[in-house]
Amino acid sequence: MSDWWRHGIVYQVYPRSFQDTNGDGVGDLPGITDRLPYLAQLGVDAVWISPIYLSPMADFGYDVADYTDVHELFGTLDDADRLIETAHDLGLKVILDYVVNHSSDQHPWFQESRSSRDNPKRDWYFWKDPGPDGGPPTNWVSRFGGGSAWEFDEPTGQYYLHTYLAEQPDLNWGNEDLRNAMLDVLRFWMDRGVDGFRVDVAYRAKVAPQWRDNPPNPEWKPGMDPYEKLQETYTKNLPDAHVVGRMLRDVVDEYDDRVLIGEVTLPVDRLTAFYGEDANEYHLPFNFNLIHSEWTAEAVQQHVDAYERHVPESGWPNYVLGNHDQHRLAARVGPGQARVGYMLLLTLRGTPTLYYGDELGMLDGRIPPGMIQDPWELKTPDIGLGRDPARTPMQWSPALHAGFCPPDAEPWLPVGPKEDVVNVEVQRDQPASMLSLTKRLIRLRRKHPALHAGSYRSFDAPDGVFAYARSASTDDADRFVVVLNFTGETRTWSLAEGVHGKIKVSTRYGRQDEAVSGIVPLRPDEGVLICVDRSA
Ligand code: NOJ
Ligand code: CA
């Protein structure tokens, strides 16, 4: 059994925004295929592509109308086959998104389900009679906008559950036929050569929920996401989610070398339960805690140390710093700290996931009011929840539209800021660019077992500094120390007495192969990766 997903690096592509080839302003599968050599040169191992399936696009593909067909905006099934084949020829794996919790209301399954109370597919979704007051059966609210999570269906006199938009009805995993149909979707794609799945909101999958009101959240204040008014006692992280995780894993294990990644937005102790009691759920329950952490050396170290303690021995850690639901890394922490973040991500113990464009330091896009696309922003305007800013076109070159689409096309979202310098073509030739830094870090990570498979140990460090060692377990000759300055001021770090080393990479460039011992000065926003000399 190979463990490519342990030692490899995952790269997320948001398909609408990577490369448009036919001039409709929306990225497509042929565009991704054309750009696969870039990913191979970058040195990543797998590309995860957000949903490409048939969809009315109420939530940009996270509302699936057919799990086994490709949306015509993105291309055809043949295009998907060609993408998979080209990726494999280049030594890249392909991971698809699997939307487990809900389908589109336009899915034929739901159309049948809503057609009558006694339709055989009625029970594929959650239908309930009105509550005693004639209103929704519970007080549950929708993730997008905080309105009721129940939609009344006049003709059949019942409500259906939708954790997200009304256009995204929740699937009932308690129904055997639904379950089998959904599990066959995994087989369909694995038979076509797909190497794994990222399971959307894996911690929300439901088999037999209790229909009880969620309690109010005493910490909610005006200005916060209205959805957070309630605690989610009966709607997320139910034992059901683990039942479904095990079902998916059983099917994934019917095939060799596939990976199951779960989207699990939970604190560390509950997150790590998604490896499964017998390592029989997710290979990688996504760890978003670095995204949600305050960006200080102390807070980040606390997260990493706590996570390291919680990941079971049979499990393997992973880290995520950006995705299509979050503000861009460089926008959250600033361009200097984004580089520190990338050194962190690419030197920690555990599989890193990179979000397209973050390797260039892409910033949040500025979306004029008339161009807002994200249904979440449209439902809860102006409180900073909108996801369009992180979904702007990949910046390939200084050309018009950053080379994302032909010059006479109009990209579906405007190109982000600083496209003249934040783009692949310009940064490729600059040794000090974020792209060159990313490539150097990836090259070293691939080359040294200490960095892709070794142990992790953190040190006590001065304020604002996070420092740790990575060593190959079998041979201490392969040993690195990573020292990250999370502040905009100078700092110093002391290597233990007698320890000598060489700086292999600095996030601020210009110190390659500098010999170090004793006190190591750090510039503002500087991280250094030191290769420790064994003979010291
Ligand atoms: C999580 C996805 O990442 C997000 O983009 C989507 O809107 C929700 N799940 C609903 O599918
Ligand atoms: Ca296109």
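The values are calculated or read from the model by the stated rules, or taken from the named source; none is laboratory data. Nothing here was measured: the structure is a model prediction, and the numbers come from that model. Reconstructed Cβ throughout: ideal geometry from the backbone, glycine too, with neighbour counts over all protein chains shown.
Annotation note: Cβ proximity below 7 Å between a residue of segment 353-372 that is within 22 Å of I9 (Cα to Cα) and a residue that is among the aromatic types (F, W, Y) and outside any strand (DSSP E or B) (sequence gap 6+ or interchain) occurs for Y356/Y14; Y356/F18.
Pairs linking a residue in segment 302-325 that is in the same structural domain as L345 (by TED's automatic domain parsing) to a residue that is within 16 Å of ligand 2 (Cβ to nearest atom) and small (G, A, S), with Cβ atoms under 9 Å and 6 or more positions apart or on different chains, are N323/S50; H324/S17; H324/S50.
One residue is enough: does segment 136-151 have a residue meeting the conditions touching an Asp or Glu at 6+ places or on another chain (Cβ under 9 Å) and farther than 29 Å from I383 by Cβ? Within segment 136-151, not a single residue is touching an Asp or Glu at 6+ places or on another chain (Cβ under 9 Å) and farther than 29 Å from I383 by Cβ. Out of all the residues in segment 244-254, is one or more part of a loop (DSSP other than H, G, I, E, B) and surrounded by fewer than 18 Cβ atoms within 10 Å (Cβ to Cβ)? Checked against the condition, which is being part of a loop (DSSP other than H, G, I, E, B) and surrounded by fewer than 18 Cβ atoms within 10 Å (Cβ to Cβ), segment 244-254 yields at least one hit.
As for segment 157-180, it holds at least one residue that is within 30 Å of E85 (Cβ to Cβ) and assigned by TED's automatic domain parsing to the domain that holds R82. Against the test of being of a type in the set (A, V, I, L, M) and touching a Pro at 6+ places or on another chain (Cβ under 9 Å), the options A87, A80, A65, A46 yield a single qualifying residue, A65.
Restricting P431, P521 to those that are part of a loop (DSSP other than H, G, I, E, B) and either over 27 Å from the mean Cα position of the chain (by Cα) or not assigned by TED's automatic domain parsing to the domain that holds G336 (or both) reduces the list to P431. Condition first: in contact with a Cys (Cβ under 8 Å, 6 or more places away or on another chain) and either among the basic types (K, R) or modelled with pLDDT of 95 or more (or both). Can you find one or more residues in segment 373-393 that meet it? Within segment 373-393, one or more residues are in contact with a Cys (Cβ under 8 Å, 6 or more places away or on another chain) and either among the basic types (K, R) or modelled with pLDDT of 95 or more (or both). Restricted to segment 401-428, and to residues that are away from ligand 2 (no atom under 16 Å from the Cβ) and part of a helix (DSSP H, G or I), which residue is farthest from Q373 (Cα to Cα)? Applying the filter and picking the extreme gives R428. Scanning segment 20-49 for residues that are surrounded by fewer than 23 Cβ atoms within 10 Å (Cβ to Cβ), more than 13 Å from ligand 2 (Cβ to nearest atom) and of a type in the set (G, A, S) turns up A40, G43.
Among the listed residues T392, T380, identify the single one that is in contact with a Ser or Thr (Cβ under 7 Å, 6 or more places away or on another chain) and within 16 Å of ligand 1 (Cβ to nearest atom). Residue meeting the stated conditions: T392. Taken over segment 71-107, the criterion of being within 16 Å of ligand 2 (Cβ to nearest atom), surrounded by 22 or more Cβ atoms within 10 Å (Cβ to Cβ) and aliphatic (A, V, I, L, M) is satisfied by A80, L83.
Cβ separations smaller than 6 Å between residues 6+ apart or across chains give the following pairs from segment 134-148 residues that are within 17 Å of R204 (Cα to Cα) to residues that are outside any strand (DSSP E or B) and hydroxyl-bearing (S, T, Y): W140/T235; V141/Y227; R143/T163; R143/Y164; R143/Y227; F144/Y164; G146/Y227. Screening the candidates V482, V415, V465, V421 for the property of being farther than 22 Å from A306 by Cβ and in contact with a helix residue (DSSP H, G or I) (Cβ under 6 Å, 6 or more places away or on another chain) yields one hit, V415.
Quick check: anything in segment 145-152 surrounded by fewer than 17 Cβ atoms within 10 Å (Cβ to Cβ), part of a strand (DSSP E or B) and away from ligand 1 (no atom under 16 Å from the Cβ)? Within segment 145-152, one or more residues are surrounded by fewer than 17 Cβ atoms within 10 Å (Cβ to Cβ), part of a strand (DSSP E or B) and away from ligand 1 (no atom under 16 Å from the Cβ).
Considered as a group, the residues in segment 121-135 that are in contact with an Asp or Glu (Cβ under 9 Å, 6 or more places away or on another chain) and part of a loop (DSSP other than H, G, I, E, B) include one that is farthest from E263 (Cα to Cα), and that residue is K121. For segment 153-191, filtered to residues that are free of Cβ contacts under 8 Å to residues at least 60 places away in the same chain and assigned to a helix (DSSP H, G or I), the residue that is surrounded by the fewest Cβ atoms within 10 Å (Cβ to Cβ) is E154. Those helices (runs of 4 or more DSSP H) of segment 11-120 in which 2 or more residues are touching an Asp or Glu at 6+ places or on another chain (Cβ under 6 Å) occupy 29-42.
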